[in-house]
1. Quick one: net charge of SER224's neighbours, Cβ under 11 Å, K/R +1, D/E -1?
2. Can you tell which of PHE101, PRO232, ILE45 lies farthest toward the positive end of the dipole of the chain, using +1 and -1 charges on the Cβ of basic and acidic side chains (Lys, Arg; Asp, Glu)?
3. Counting only DSSP beta bridges with both residues in the chain, what percent are antiparallel, rounded to the nearest 5?
4. State the Cα centre-to-centre distance between segment 279-294 and segment 41-111 in whole Å.
5. Can you give the charge dipole size of segment 124-240 about its Cα centre, rounded to the nearest 20 debye, using +1 on the beta carbon of Lys and Arg and -1 on the beta carbon of Asp and Glu?
6. Can you compute the charge dipole magnitude of the chain about its Cα centre, using +1 on each Lys and Arg Cβ and -1 on each Asp and Glu Cβ, nothing else charged? Give it in debye, rounded to the nearest 20.
7. Give the cross-link partners of LYS213 among the lysines, using a straight C-alpha distance below 16 Å as the criterion and excluding same-chain residues fewer than 8 apart.
8. Take the Cα atoms of the chain, build their convex hull, and give its volume per residue in Å³.
Amino acid sequence: MERRSFLAAALISATAGSRAYAQGAWPTKPIRLIVPFAPGGSSEIIARSTAAEMGGLLGQTMYVENKPGGSGNIAMQECLNASDGHTIILGHIGTLAVNPFLFAKLPFDVNRDFKPVSLLAKVPSLYVVNPSVPAKNLKEFVALAKASPGKLNYGSAGNGSAGHLAMEYLKSEAGIFMLHVPYRGTGPQMTDLLAGRLEAASVGAAAVLPFIKAGKLRCIATGSKERLPQLPDVATVAEQGYPGFEMTQWYGLMAPSSFSEEQTSKLALAAGKAVKAPAASTRFNDEAVFGMGDSPAQFKAFIATEQARWKKVVRQANIRLD
């Protein structure tokens, strides 16, 4: 009897030990980071810079897979459907804080079906125009839009994207009307903006700074609270007549709710170190990206605050998608 009890206890101990080892060994294969946008925007810079660092910290390759379309909902569903325990997604202001109120019905609940991991970065939105547009600043642009309602057009990375909401936010505050042209990602949008087929857009600083510096685009305002060191002569929207106005895109890691607390904590720890790593920090500074890195609990609270904010904006702008 004593021998059987001893063997049973040993078996339980060994099983518990193997479970603990299995949890501690995660990840056991490459991690897929889904990005819900086409290559070419701020998401590309943040995802690839972070993934490169996190892979080394976690002991497994982290590779980026772009999956644009459906305002990010296609990628979110793809991540949720993954059953390999090694698929996560780059969450975004649009997919996490805007879409829940923009769409009449979603096949998932971002708060119930996903776990926040870490806020990676914030990117100031810049309001830019093609040089052919005769407006040197926001005041002149608003006057131009008011003089010919609906004549000016603006592009975005898609319905419900940060650029879409940023321009709708400005339209609401300034009392202007422009035609919205949605694209399947920032890259395709930038092609037409640079070619002059689009007249204006609001894009994350990282994606447009090189073109602004080269004179291929004109920045008429920044959505940041303060002027950017990279563009010291460009006034903020708030400075140009709209006090309190702020538009900043943000990106963070999300995992399916099936992930354990240990897994999300391990990812968050690696993400926090990754965004502060020398290579990532240098790239972020060059592109006006502000690296963050926080805990799952902090990111969850941040998302809740942003959802409350954008719920009001979406309703005021009367935007609704099926």
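1. 0
2. My answer, from the dipole projection, is PHE101.
3. Details: 24 of 40 bridges.
Percent antiparallel among DSSP bridges in the chain is about 60.
4. For segment 279-294 versus segment 41-111, the Cα centre distance is 19 Å.
5. Values: 12 positive and 8 negative charges, 39 e Å.
The calculated dipole for segment 124-240 is roughly 180 debye.
6. On the way: 33 positive and 24 negative charges, 36 e Å.
Rounded to the nearest 20 debye, it is 180 debye.
7. The reachable lysines, counting only those whose Cα sits under 16 Å from LYS213, are LYS136.
8. Numbers: hull volume 42.5 nm³, N = 322.
In the chain, the Cα hull volume divided by residue count equals 132 Å³.
All of the numbers you see were taken from the coordinates with simple rules; none came from a lab. The shown structure was predicted, so the numbers you read here are calculated from the model rather than taken from an experiment. All Cβ positions, glycine included, derive from the backbone under ideal geometry; neighbour counts span all protein chains shown.
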